[in-house]
Amino acid sequence: MLTVSEENHLKAIFKISERNGTPVSTNKIAHELNTAAASVTDMLKRLSAKKLIKYEKYQGAHLTEQGNQLATRLVRKHRLWETFLVEKLEFSWDEVHQIAEQLEHIQSETLTERLDAFLDYPRFDPHGDPIPDRNGKFTLRKQHVLDSLEQGDTGIIIGVSNHDTDFLKLLDELQVKLGVTISILSKFDYDDSLKVRIGESAEHIIPKNISKNIYVKKA
């Protein structure tokens, strides 16, 4: 049995690896968990002793096969609970992350499998992240970061990489939602901001710090 803190560190390494590859630096883990780098270093040593990660000072960490299996199960539970909260309990997508952070530590595998079946085996969560199946396999799809598109390009919004509550509330204000069409009307060299049309009519200027966190499928 792992502690909640140990599980959180494994999941943080997994999520950072998803975005940026490995090895994962101590500072990135500290930022992900909003904690001190020194405490992360102590935890990495503990996880390394348990053979859940491989860690070298100043080089970073990556998951072992066993560590990856444990982290994948955590991610699976987290994303299934987020899906349940949005689809069945009508929470908004900006409300579910912290609740799922608590629910993911429930150990019952039977509960996880029944939750998956109850939701009809979803492949993606409300933020567009892939949900691992019971064997740890993900559904992969071709996606592009919104800020990589050029003037005249059109895409379908399929995910976001930032799950911060304030960020998601801002997207709601901009009418940026999964499944919505977004077209690049202009791209400004000065700051890489985008003028976009969202859906049929809404037009907005979207700065780079927003567009770099939105994933689209080119139409």
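The values are calculated or read from the model by the stated rules, or taken from the named source; none is laboratory data. Computed from a predicted structure; not experimentally measured. Here the Cβ is made from the backbone with ideal geometry for all residues, glycine too, and neighbour counts use every protein chain on show.
Listed values, structure above:
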read-out: Extreme residue, farthest from Asp129 (Cα to Cα), among residues of the stretch 172-218 that are basic (Lys, Arg) and in contact (Cβ under 8 Å) with a residue 40 or more places away in the chain; value: Lys208
read-out: Any hit, the stretch 109-118, residues being under 16 Å from the mean Cα position of the chain (by Cα) and either farther than 17 Å from Val86 by Cα or at pLDDT 95 or above (or both); value: no
read-out: Any strands (runs of 3 or more DSSP E) falling wholly within the stretch 115-219 and containing at least 3 residues that are surrounded by fewer than 17 Cβ atoms within 10 Å (Cβ to Cβ) and out of contact with any Pro (no Cβ under 8 Å at 6 or more places or on another chain); value: 181-187, 202-206
read-out: Pair list, Cβ < 7 Å and 6+ apart or interchain, from the stretch 109-130 residues that are within 25 Å of Asp164 (Cβ to Cβ) to residues that are surrounded by fewer than 15 Cβ atoms within 10 Å (Cβ to Cβ) and of a type in the set (Ser, Thr, Tyr); value: Arg123/Thr139; Pro130/Thr139
read-out: Every residue from the stretch 16-62 that is closer than 24 Å to Val160 by Cβ and hydrophobic (A, V, I, L, M, F, W, C); value: Ile16, Val24, Ile29, Ala30, Leu33
read-out: Qualifying position, being modelled with pLDDT under 95 and surrounded by 14 or more Cβ atoms within 10 Å (Cβ to Cβ), among Ser25, Ser48; value: Ser25
read-out: Subset tally (residues that are touching a residue at least 24 places away in the same chain (Cβ under 8 Å) and closer than 23 Å to Gln98 by Cα) for the stretch 35-66; value: 2
read-out: Tally, over the stretch 49-96, of residues that are part of a helix (DSSP H, G or I) and more than 20 Å from Asp133 (Cα to Cα); value: 2
read-out: Failed item, numbered, when Leu103 is tested on (1) over 20 Å from Ser161 (Cβ atoms); (2) among the aliphatic types (A, V, I, L, M); (3) surrounded by fewer than 17 Cβ atoms within 10 Å (Cβ to Cβ); (4) under 17 Å from the mean Cα position of the chain (by Cα); value: (3)
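Matching residues to (1) among the polar types (S, T, N, Q); (2) surrounded by fewer than 20 Cβ atoms within 10 Å (Cβ to Cβ):
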site	(1), (2)
Thr41	yes, yes
Leu63	no, no
Asn68	yes, yes
Lys77	no, no
Val86	no, yes
